[in-house]
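Colleague: Take a look at the following structure, please.
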Amino acid sequence: MSPWFVFAIMTAIAVFAVLWPLGRGAARQREGSEAAVYKDQLAEVDRDAQIGLIGSAEAAAARVEIGRRLLASADAERSAPATSRRGLRRGVAVLALIGLPALALAVYLPIGSPMMADDPLAQRTKTASASQPLENLVAQVEAHLEKNPSDGRGWTVLAPVLAKLGRLDDAARAYRNSLTYAGETADRHADLGEVLAMAAGGVVTNEAKSEFERAVALNADDVKARYFLGLAAEQDGRPKDAATMWRAMLDKAPADAPWRPMLQAQLARVEGTPLPALPDETIASAKTMSEADRSAMIRGMVDRLATRLKQNGDDVEGWLRLVRAYMVLGEADKAKTAQAEARQAVAGNAERLKQLNEGLKNLGLDG
């Protein structure tokens, strides 16, 4: 149904609601006038006289009095400006017929959209809802790509989602299609190489390595590709080459790079940075422990060191041992947090702060 037809019906109802009382006003006035009342009284006097309730003389006197009042009211009604009342009603009617629609348009046009096309319910229900499960949205995209296999943008969007869902083989296929139909970029080659390495259980296979090398050929500073090439060197039995690659990355990286702590921990692991010094008796007892017990013992010592430093933060060497321990354990976030806590603890002593910064630099961290 056209909205304009609906608006016309609504306007007609509104006008009718205004004119109906005006049209009935005159009828009510006529029906309730004094003349009508006096006529009723005359009829009543006649009825009373016929049944003998009043005498003929009394009835005649009553008729004379009522007749006099009836003539007086009739003269008053004739002298009233009836034409002016009719003109007023006509003016109100014209105003209702023209003014109400004009007022409605004046309100609607500035805020409405009369030229906007309709939006059918069936079409709206086809729109994907953000509340749908991720798997359902992926299925819709995959159905679209089956009909449009050359949609490079679609493959580019789908590939990382498949990787997040753990569908690594499908993600690798999506990345290859993205490279084919959306063009070669360093990021896409690096992402494909990462998915291939993940599918191989973390091993940088020859196929994955080739993708990283293509990424570096397109962008020599691609962080992901350079990191995995270093990891490939370590897996090939060349830890020094891996350390050289990662050290070069750290030298060029900005101080606030989010991946710095992770790479620093990897570098410390490859270079064999020692754990915090242990007492002789502890080392002797550790020789008879299993690997799990030994790791638990080291973890306990690191936790106790962190607790002690929170109570007394003046021990710069203790802070440096704690940061180095977290790096060796591969806990980059805790190492970064320990750096911040150490600086805050010695902020009031310029000499200790200088010593701390120099020690952090020796660990390969920003001083």
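Condition check ((1) surrounded by fewer than 14 Cβ atoms within 10 Å (Cβ to Cβ); (2) outside any helix (DSSP H, G or I); (3) touching a Phe, Trp or Tyr at 6+ places or on another chain (Cβ under 8 Å)) across all residues:
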| site | (1), (2), (3) |
| --- | --- |
| D187 | no, no, no |
| A190 | no, no, yes |
| G202 | yes, yes, no |
| F212 | no, no, yes |
| M249 | no, no, yes |
| M262 | no, no, no |
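Colleague: Let me ask something additional. Out of region 46-72, which residues are open to solvent by 100 Å² or more (accessible area, probe 1.4 Å) and closer than 16 Å to A36 by Cβ?
Modeller: R69, L71
Colleague: Filter region 251-260 down to residues that are surrounded by fewer than 16 Cβ atoms within 10 Å (Cβ to Cβ) and either touching a residue at least 40 places away in the same chain (Cβ under 8 Å) or in contact with a strand residue (DSSP E or B) (Cβ under 6 Å, 6 or more places away or on another chain) (or both), then give me how many there are.
Modeller: Of the residues in that region, 1 qualify.
The values are calculated or read from the model by the stated rules, or taken from the named source; none is laboratory data. Here the structure is a predicted model, which means the values were calculated and not measured. Glycine also receives a Cβ, built like all others from the backbone with ideal geometry; neighbour counts cover every protein chain displayed. Areas reflect the complete protein model, heavy atoms only, side chains present, ligands, DNA and RNA absent. Shrake-Rupley method; radii C 1.70, N 1.55, O 1.52, S 1.80 Å.
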